1. Might you let me know whether segment 383-399 holds any residue that is out of contact with any Leu (no Cβ under 6 Å at 6 or more places or on another chain), of a type in the set (Lys, Arg) and modelled with pLDDT under 90?
2. Would a scan of segment 15-32 turn up a residue that is in a loop (DSSP other than H, G, I, E, B), open to solvent by 20 Å² or more (accessible area, probe 1.4 Å) and of a type outside the set (Val, Ile, Thr)?
3. Just one of (1) open to solvent by 20 Å² or more (accessible area, probe 1.4 Å); (2) touching a strand residue (DSSP E or B) at 6+ places or on another chain (Cβ under 8 Å); (3) within 22 Å of residue 154 (Cα to Cα) trips up residue 252, so point out which.
4. In segment 307-323, what count of residues is obtained for those that are more than 16 Å from residue 31 (Cβ to Cβ), in a helix (DSSP H, G or I) and open to solvent by 50 Å² or more (accessible area, probe 1.4 Å)?
5. Given the condition open to solvent by 10 Å² or more (accessible area, probe 1.4 Å), at pLDDT 90 or above and out of contact with any Phe, Trp or Tyr (no Cβ under 6 Å at 6 or more places or on another chain), answer yes or no: does some residue in segment 328-351 qualify?
6. Determine which member of the set 235, 282 is under 23 Å from the mean Cα position of the chain (by Cα), hydrophobic (A, V, I, L, M, F, W, C) and closer than 30 Å to residue 30 by Cβ.
7. Is there a residue being over 30 Å from residue 428 (Cβ atoms), at pLDDT 90 or above and polar (S, T, N, Q) anywhere in segment 305-314?
Amino acid sequence: LTGVLDDCLCDIESIDDFNTFKIFPKIQKLQERDYFRYYKVNLKRPCPFWADDGHCSIKDCHVEPCPESKIPVGIKAGSSNKYSKAANNSKELEDCEQANKLGAINSTLSNQSKEAFIDWARYDDSQDHFCELDDERSPDAQYVDLLLNPERYTGYKGPSAWRVWNSIYEENCFKPRSVYRPLNPLAPSRGGLFSSGSVCLFSRTGLCLEKRVFYKLISGLHASINLHLCANYLLEETWGKPRWGPNVKEFTRRFDHIETKGEGPRRLKNLYFLYLIELRALSKVAPYFERSVVDLYTGNGHEDAESKALLLDIFRDTKSFHMHFDEKSMFAGDKKGAKSLKEEFRLHFKNISRIMDCVGCDKCRLWGKLQTQGLGTALKILFSEKEIQSLPENSPSKGFQLTRQEIVALVNAFGRLSTSIKELQNFKVLLQQTR
């Protein structure tokens, strides 16, 4: 797997080196920080598209929610939109929660906080989201420690998993002139979640840039998830002690040029393309976090400062990479047509985020929802460049806002892509050793 990627001027070798020596070690450390390791998710939302066919009963599908006592006080006490110490002042929170509507906010709140609450409410009602967001106030929404619930092969497979990806590709991908569909829900499946032997393969002709990009994003996400499963596979279990590790045979089945009829390398190239898209989003959103008003608040001042310093260091690295994807080439036609296509793009992706509630394995659903929300957040950033550039330095944002959930999803989703590329390098070594 070498050479320049389609639709951008970047080669795979440059991405490998940049990820291995700059990004991967830092993003791993950042994901271990308290602010980024706790993710609030509702795993009980019903599937909106078909009757539930039951949840996976395999023990590795289970997600262990985090006890309330383990959640840092600054995270569990605050609204999802609040990220600074000032916004999480406990007295202000109590006053806000007692108010039934914005007009009833207690007069003891500062003008800055009032402005923040109004702006957050206004933004929540906007139509700029690319994802269907969980209601964090729902009693079914729970915090999960991502470090204690790692993404790996669970054994979830068969018709239920097939139906999810079939719905994503067949009903929510843009249609080209030709489609190759080897998927069969009745065929023997040896993989885990999102584990079809092949996916719908679009011809390179018949799709405009925007629709090619959309397909590549979904294919890249699919490839990344499959890589995680291959790299963290249940190899054996003796006396109740499982051993997880890389499965070269499974990796070959999913990505080998011959076994996939030439499509494996293209899937991996789409993974690199997705990496570039999210890398670009990180570089674009840097000004949002560089402001002093953003502290990544958990209640631990020392850790908060270290977390922000590490995040800003990663932003500096993303800006130093000179072969970014140029999103300005998208939706650049006549205004009416571009606006319509952008809205179609957004609605297709939002529908895909809703399909994640149809995944029968809780652990697979958790990571599917998180990575989808992370990509949706990246798209939201790329389409909000003007709003980000005009952010005020010392007051709440107007026109652009990220919730804590979006921030956590953005960082962890990119961390998963960084891990995928690193694991791909490991598989290259393992394959050479087996020859």
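1. Keep residues of segment 383-399 that are out of contact with any Leu (no Cβ under 6 Å at 6 or more places or on another chain), which gives 383-396, 398-399.
Among the residues that remain, those that are also of a type in the set (Lys, Arg) are: 386, 398.
So of that shortlist, the ones also modelled with pLDDT under 90 come out as 386, 398.
Checked segment 383-399: at least one residue is out of contact with any Leu (no Cβ under 6 Å at 6 or more places or on another chain), of a type in the set (Lys, Arg) and modelled with pLDDT under 90.
2. Taking every residue of segment 15-32 in turn, at least one turns out to be in a loop (DSSP other than H, G, I, E, B), open to solvent by 20 Å² or more (accessible area, probe 1.4 Å) and of a type outside the set (Val, Ile, Thr).
3. (2)
4. Counting residues in segment 307-323 that are more than 16 Å from residue 31 (Cβ to Cβ), in a helix (DSSP H, G or I) and open to solvent by 50 Å² or more (accessible area, probe 1.4 Å) gives 2.
5. Initially, segment 328-351 is screened for residues open to solvent by 10 Å² or more (accessible area, probe 1.4 Å), giving 328-344, 346-348, 350-351.
When the remaining residues are screened for being at pLDDT 90 or above, the result is none.
Looking for residues that are open to solvent by 10 Å² or more (accessible area, probe 1.4 Å), at pLDDT 90 or above and out of contact with any Phe, Trp or Tyr (no Cβ under 6 Å at 6 or more places or on another chain), one finds none in segment 328-351, hence no.
6. Among 235, 282, only 282 is under 23 Å from the mean Cα position of the chain (by Cα), hydrophobic (A, V, I, L, M, F, W, C) and closer than 30 Å to residue 30 by Cβ.
7. Yes; the residues of segment 305-314 include at least one that is over 30 Å from residue 428 (Cβ atoms), at pLDDT 90 or above and polar (S, T, N, Q).
One line per residue, one yes/no per condition, for (1) assigned to a helix (DSSP H, G or I); (2) farther than 22 Å from residue 222 by Cα; (3) more than 23 Å from the chain's Cα centre (by Cα):
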{"residue": "379", "(1), (2), (3)": "yes, no, no"}
{"residue": "388", "(1), (2), (3)": "yes, yes, no"}
{"residue": "392", "(1), (2), (3)": "no, yes, yes"}
{"residue": "409", "(1), (2), (3)": "yes, no, no"}
{"residue": "413", "(1), (2), (3)": "yes, no, no"}
{"residue": "420", "(1), (2), (3)": "yes, no, no"}
{"residue": "424", "(1), (2), (3)": "yes, no, no"}
{"residue": "428", "(1), (2), (3)": "yes, no, yes"}
{"residue": "431", "(1), (2), (3)": "yes, no, yes"}
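The values are calculated or read from the model by the stated rules, or taken from the named source; none is laboratory data. Nothing here was measured: the structure is a model prediction, and the numbers come from that model. Quick reminder, even Gly has a Cβ in these numbers, built from the backbone with ideal geometry, and neighbours come from all protein chains shown. Side chains included, ligands, DNA and RNA excluded: accessible areas come from the protein's heavy atoms. Shrake-Rupley method; radii C 1.70, N 1.55, O 1.52, S 1.80 Å.
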